[in-house]
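Below you'll find the structure, written out as structure tokens, and then a few comments.
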Amino acid sequence: MSARYRSLLIFGAPGVGKGTQGKLLGCIPGFLHLSTGDIFRSLDMNSETGRVFREYSSRGELVPDDFTIRLWREHMRKMIDAGRYNPQRQLLVLDGIPRNASQAASMIGDIEVLQILHLVAGDEDVLLKRMQRRAEQQNRHDDADEGVIRHRWDVYNRETVPVLEHYGRACCAQINAIGTPGRVLMHILEAAVPLHEKHFSNALEH
Ligand code: AMP
């Protein structure tokens, strides 16, 4: 078996800012941000895979696990082959996967989870407004409708929160996601930079 990708999971409810923070972190050399939502949204919506994604995401549902894991593995392979991801030198920042306990179990041979950063924001109304604004700006059909947003939160609580139990609370750091993006990023860097230095010190010397 080839070595597992050393990973940090950005975790939190839909709308909490995982994508924004993941992208910021991914700008720092040595970190590679990868969002499954972004991979899905980049599909040709007229293709079979694009159609499957749209069918589930427009209802606020998770795309079936087999389909998701296969697509994710193909994407990782392409990134490595294209020289866009070097597992020896980069900490993988995963955003949006694994999204349930079954995905976490399927990915045991793929990723070594060094830490989970759990972004926490108490106020649902703030998140709701933020997501509806994002829907307008980015033309995201799954964030336009309040009913779909609330369903996504239900799915998160029911299916995604158990992923924390899978990895154990010990590897999970709580991050306050309320505040300016720069402030939240500061909290994230406090956890992520020492982790990166600890596990990728050899890569930093070259
Ligand atoms: P996100 O951008 O992470 O909020 O994801 C948008 C939508 O993509 C989700 O509501 C799901 O329909 C789908 N999706 C993203 N990641 C996954 C995953 N790991 N498993 C299943 N569906 C996913």
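The values are calculated or read from the model by the stated rules, or taken from the named source; none is laboratory data. Everything quoted here is computed from the prediction, not taken from an experiment. When we count neighbours, we look across all protein chains shown, and the Cβ atoms used for this are built from the backbone with ideal geometry, even at glycine.
Would you confirm, using the coordinates I've provided, whether Glu112 is surrounded by fewer than 16 Cβ atoms within 10 Å (Cβ to Cβ), among the acidic types (Asp, Glu) and not in a strand (DSSP E or B)? It is false that Glu112 is surrounded by fewer than 16 Cβ atoms within 10 Å (Cβ to Cβ), among the acidic types (Asp, Glu) and not in a strand (DSSP E or B). The set of residues in the range 131-146 being part of a helix (DSSP H, G or I) and exposed (fewer than 15 other Cβ atoms within 10 Å of the Cβ) consists of Arg133, Glu136, Gln137, Gln138, His141, Glu146. Selection of first residues in the range 79-108 that are touching a residue at least 40 places away in the same chain (Cβ under 8 Å) and of second residues that are within 16 Å of the ligand (Cβ to nearest atom) and basic (Lys, Arg), restricted to Cβ pairs under 6 Å at least 6 apart or on distinct chains, gives the following pairs, ordered by first then second residue: Asp95/Lys18. The residues of the range 147-168 that are of a type in the set (Asp, Glu) and exposed (fewer than 12 other Cβ atoms within 10 Å of the Cβ), listed by number, are Asp154, Glu165. The single condition from (1) more than 13 Å from the chain's Cα centre (by Cα); (2) in a helix (DSSP H, G or I) that Val63 fails is (2).
Yes/no matrix, rows are residues, columns are (1) more than 9 Å from the ligand (Cβ to nearest atom); (2) free of Cβ contacts under 8 Å to residues at least 12 places away in the same chain; (3) not in a loop (DSSP other than H, G, I, E, B); (4) not aromatic (Phe, Trp, Tyr):
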position: Pro14; (1), (2), (3), (4): no, no, no, yes
position: Gln21; (1), (2), (3), (4): yes, no, yes, yes
position: Leu43; (1), (2), (3), (4): yes, yes, no, yes
position: Arg51; (1), (2), (3), (4): yes, yes, yes, yes
position: Arg59; (1), (2), (3), (4): no, no, no, yes
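When the residues of the range 3-35 are filtered to those that are surrounded by fewer than 21 Cβ atoms within 10 Å (Cβ to Cβ) and of a type in the set (Ser, Thr, Tyr), the one that is nearest to Ile108 (Cα to Cα) is Tyr5.
Of all residues in the range 115-129, those that are surrounded by fewer than 16 Cβ atoms within 10 Å (Cβ to Cβ) and under 22 Å from Leu34 (Cα atoms) total 1. The listed residues are Glu74, Glu55, and the only one of them that is without any contact (Cβ under 8 Å) to a residue 40 or more places away in the chain, away from the ligand (no atom under 13 Å from the Cβ) and acidic (Asp, Glu) turns out to be Glu74.
For Cys171, the conditions (1) surrounded by fewer than 15 Cβ atoms within 10 Å (Cβ to Cβ); (2) at pLDDT below 95; (3) more than 20 Å from the chain's Cα centre (by Cα); (4) closer than 23 Å to Gln90 by Cα are fulfilled apart from (3). State whether the residues of the range 61-84 include one that is in contact with a Gly (Cβ under 9 Å, 6 or more places away or on another chain) and modelled with pLDDT of 95 or more. Checking the range 61-84: not a single residue is in contact with a Gly (Cβ under 9 Å, 6 or more places away or on another chain) and modelled with pLDDT of 95 or more. Considering only the range 77-107, how many residues are more than 8 Å from the ligand (Cβ to nearest atom) and either in a helix (DSSP H, G or I) or aliphatic (A, V, I, L, M) (or both)? Total satisfying the criteria: 16.
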